Amino acid sequence: MATPPPLRLGVNVDHVATLRNARRGRNPDPVRAALLAIEAGADGITAHLREDRRHIRDDDMARLKAEISKPLNFEMAATEDMLRISLATKPHAVCLVPERREELTTEGGLDVVGQHNALAPFIARLNEAGIRVSLFIAADPRQIEMAAKLRAPVIEIHTGAWCDAVVDGHAAKADAEWHRIVAGAALARSVGLEVHAGHGLDYATAEKIAGLPVIAELNIGYYMIGEALFVGLAETVRAMRAAMDRGRGKAAGANHSLTGKA
Ligand code: PXP
C-alpha cells in the first residue's frame, strides 16, 4: 500500500486570546500557547484577526509572526483594512473567511461565487505579495470550481456542519455532510487545489477526516484549548499548592528568626 502524504496540523490559538481578553490583561498569552503548540508538534499556527478584535489583537498577530518558527496562517475577512494589515505582517498564508459581527464563530463558508468580482483583485494582490491564499468554503462544487478560477492555490473546507451533526448524534445528516466533504475534497484536488479542512474538529472527527489522503492540512483550535484545561488543570493546581507551601515555609522560617527559636 502506498504511504499517504503527510497531514499538517495547524493549531488555532484564538481562544487563548478569548480567555485573556475576559480580564483584559496579558494572561494567558496566545503567543506562549503557539510556542508550546509548536514544541508539541504543530506544523503551523492559525489566528483570526476579526474586525471586532474579540480575541486576537493586532499586536498578537505581529508577535506571532516575529516569534514563531513555523508558518503563520492569518485568517481574516476580505476587507481593505485587513489586506493592509496582512500585507504589512507578511504571514505564510492568508485564509479568507466570511465574518458577521453577531456570529459566535465563523458559521459558514465564504460565498466565492457571489463575491468573485470583489475577491479576484484581492486574491491577486495577496498572490503578488507571495502570500499563499486559502479560501474557507463549504464543500460545494460551485464554490470549489470558482475558487480554482479565482487562482487561489488552497481551499479550506468548512467541517462545522459535519462536526455538529456528529456531536449531536444526527446520523443521517452527519453521513450526508461527510459525503459532501469527501466528494468536495476529491473535486478540489482534481482541479489542482491544495485541500485543507477545519472547524469544530475533535479527536474523533479529526481521526476520521485524516483518513482522506487528499487533505493536506487540518486547522483545529477550540476543542484542543478546551481539552487542555482538563489535561493541564491538575498540574497547575499542584504548582499552585507548591507555591503556597513554599511561601508558608518561608514565613515559618522568618517567624523562627523573629522569636529567636531554633
Ligand atoms: N479554520 C478556520 C478557517 C476557522 O475560521 C476556524 C475557527 O476560527 C478554524 C479552522 C478552527 O475551528 P475550531 O476552533 O472550531 O477548531
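The values are calculated or read from the model by the stated rules, or taken from the named source; none is laboratory data. Being a predicted model, the structure only gives us computed values, none of them experimental. Ideal geometry is used to build each Cβ from the backbone, glycine not excepted, and the neighbour counts take in all protein chains shown. In case anyone asks, the SASA skips ligands and DNA or RNA and just uses the protein heavy atoms, side chains included. Shrake-Rupley method; radii C 1.70, N 1.55, O 1.52, S 1.80 Å.
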*Counting only residues that are under 16 Å from PRO213 (Cα atoms), away from the ligand (no atom under 15 Å from the Cβ) and in contact with a Phe, Trp or Tyr (Cβ under 9 Å, 6 or more places away or on another chain), how many does the stretch 165-203 have?*
2
*Give the residue that is nearest to the ligand (Cβ to nearest atom), with candidates limited to residues of the stretch 144-160 that are open to solvent by less than 40 Å² (accessible area, probe 1.4 Å) and part of a helix (DSSP H, G or I).*
GLY160
*How do the pairs read when you match residues in the stretch 210-232 that are part of a loop (DSSP other than H, G, I, E, B) with residues anywhere that are open to solvent by 20 Å² or more (accessible area, probe 1.4 Å) and more than 8 Å from the ligand (Cβ to nearest atom), using Cβ under 7 Å and keeping only pairs 6 or more apart or on different chains?*
ALA210/LEU7; LEU212/VAL182; PRO213/PRO4; PRO213/PRO5; VAL214/ALA186; VAL214/ARG189
*Which one of THR105, THR89 is of a type in the set (Ser, Thr, Tyr), under 26 Å from LEU64 (Cβ atoms), more than 11 Å from the ligand (Cβ to nearest atom) and open to solvent by 20 Å² or more (accessible area, probe 1.4 Å)?*
THR89
_Some residue of the stretch 130-143 being among the β-branched types (Val, Ile, Thr), more than 20 Å from ASN73 (Cβ to Cβ) and surrounded by 15 or more Cβ atoms within 10 Å (Cβ to Cβ)_ = no
*Selection count, the stretch 32-77, where residues are open to solvent by 50 Å² or more (accessible area, probe 1.4 Å) and on the phi > 0 side of the Ramachandran plot*: 1
*Qualifying position, being within 16 Å of the ligand (Cβ to nearest atom) and over 22 Å from ALA47 (Cα atoms), among GLU207, GLU235, GLU217*: GLU207
*Would you check which residues across the stretch 90-103 are farther than 16 Å from ASN12 by Cα and out of contact with any helix residue (DSSP H, G or I) (no Cβ under 8 Å at 6 or more places or on another chain) and list them?*
PRO98, GLU99, ARG100, ARG101, GLU102, GLU103
